[in-house]
Amino acid sequence: MSFLRSAIAASLLASSAFAAHAQDQVLNLYSARHYQTDEALYANFTKATGIRIQRVDADDAGILNRLKTEGAASPADVILLVDAARLAQAERDGLFRPFRSAELEQRIPAQYRATPSAEGSAWWGFSTRARVIVYNKASLKREDVDRYEKLADPKLKGKVCTRSGSHPYNLSLFGALHEHLGAAGLESWLKGVVANMARGPKGGDTDQIRAVASGECQVALSNSYYLARLMLSAKPDDQALVEKVGVVLPNQDSYGTHMNIAGGAMARHTKNAAAAQKFLEYLASDAAQGYFANGNNEWPVVSSVRMNNRALDSMGNFKRESIPVAAVAGHIGKVQQMLDRVEYK
Ligand code: FE
């Protein structure tokens, strides 16, 4: 009897100690994502595990600087960044801790995660975005701009606008084109694009869409989610703008449209490796994938996860590039030297 009583007491003690421990457990997340649906994404994880998410929000460059400054004293457990170019740079800077996960390896296509070392992958993609071509429907036809290669065609002289060539979104696209066209092919393409510019590179992707709609230029590049955001906007100005532009998922008759990712990684100096891994695995779950992708109008990496997003649906089913985003990121050093040579600002 007394044995039983003390056994019950011990187990009560153990379970309340566990509950208190779980309540206290905090995961420090450094995130370059700031979307409304993220709140639900984190709340569901806390509900399922008892682990609280403490978030540090900054832009990608701010997060990377902070991690470098903090060094081994960094409280960061998990890091969320956008674009493979940035994830690969952070990997080279030694800011991530690679790990193996049967679950992540099974759910995330190899194309969308870091090339694994013996320790595993350093980063993992959780959503995908396409780099699309946007054109002014009044002055160009779809066939004029249905391949990235055509942006360098002399027929488009004075019609092209882009953001800075050295922005990660363009660096990644150019890294992909290095795979498809070879070094010499890419350099002559870049030269052609610079020769076709309506104005010097400036602004973000949304500014390029606006410039195309206003007629300042006739064709530009943009990530798919900036267009989706405008398509879903209730503002009459945005609707009028969307009416004026055509969207092309380029290179359907060849290697497919350039795809990139938003992804995550375990911080090099985490003191919470098990919880960090649990959180990253959670992000690939069916429930989390919908929130993660839809928060920024992206496609889930887990192909069996279905979403309801009329802007993405309007872009239809399309052929995606199949090269690994890690291979693309590997070309970026060479691409930067080419941009200097061709004076692509
Ligand atoms: Fe963006």
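The values are calculated or read from the model by the stated rules, or taken from the named source; none is laboratory data. All of these numbers come straight from a predicted model, not from anything done at the bench. Glycine gets a Cβ as well: all are built from the backbone with ideal geometry, and neighbour counts include every protein chain shown. Note: accessible area is taken over every heavy atom of the protein model, side chains too, but ligands, DNA and RNA are not part of it. Shrake-Rupley method; radii C 1.70, N 1.55, O 1.52, S 1.80 Å.
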Would you please put 149-162, 92-105 in order of how densely packed they are, using the mean number of other Cβ atoms within 10 angstrom per residue and starting with the highest? 149-162, 92-105
Bins of 10 Å from zero: percent of alpha-carbon pairs in the stretch 98-203: 13, 35, 26, 17, 8, 0
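Just to confirm a number: summing +1 for Lys and Arg and -1 for Asp and Glu over residues other than Ser164 whose beta-carbon lies under 10 angstrom from that of Ser164, what do you get? Don't skip to the end; give the middle numbers.
On the way: positive: Arg163, Lys202, Lys345; negative: none.
Every neighbour counted, the sum reads +3.
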Under a point spin-label approximation (7 Å from Cα along Cα-to-Cβ), what is the Lys47-Ile323 distance to one decimal in nm? 4.3
Which helices count as membrane-span-like in the chain under these terms: full DSSP H, at least 27 Å along the axis by C-alpha, Kyte-Doolittle mean of -0.5 or more? 2-24
Per q in 0.06, 0.07, 0.09, 0.13 Å⁻¹, report the Debye log10 I(q)/I(0) for the chain, using one uniform scatterer on each alpha carbon and no solvent. -0.25, -0.33, -0.52, -1.00
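How much length is gained on full extension from Gln337 to Asp24, taking 0.36 nm per residue of separation minus their Cα-Cα distance? Present the calculation step by step, with values, prior to reporting the outcome.
Working: separation 313, 0.36 × 313 = 112.68 nm, distance 4.90 nm.
Using 0.36 nm per residue and subtracting the Cα-Cα distance, I get 107.8 nm.
Shape call for the stretch 189-280 from the C-alpha gyration tensor, a ≥ b ≥ c root eigenvalues: rounded (a/c under 1.5), prolate (a/b greater than b/c) or oblate?
It comes out prolate by the Cα gyration axes.
Using the Cα centre of the stretch 25-174 as the reference point, and only Cβ charges (+1 on K/R, -1 on D/E), how large is the resulting charge dipole? Debye, rounded to the nearest 20.
On the way: 23 positive and 18 negative charges, 114 e Å.
Roughly 540 debye for the stretch 25-174.
Keeping every protein chain present and rolling a 1.4 Å probe, give me the accessible area per residue for the chain in Å².
Details: 15130 Å² over 345 residues.
For the chain, the per-residue accessible area is 44 Å².
Do the sum for the chain: with -39,500 (n - 2.57) for every DSSP H run of n ≥ 4, divided by all residues, what is the mean residue ellipticity at 222 nm, to the nearest 500 deg cm²/dmol? Write out the running numbers ahead of the final one.
Numbers: 14 runs with 160 residues, N = 345.
For the chain, the value works out to -14000 deg cm²/dmol.
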Lys and Arg at +1, Asp and Glu at -1: neighbours of Asn251 with Cβ under 15 Å from its Cβ sum to -2
Could you tally the net charge around Gly200, taking each other residue with its Cβ under 11 Å from the Cβ of Gly200, Lys/Arg +1 and Asp/Glu -1? +3
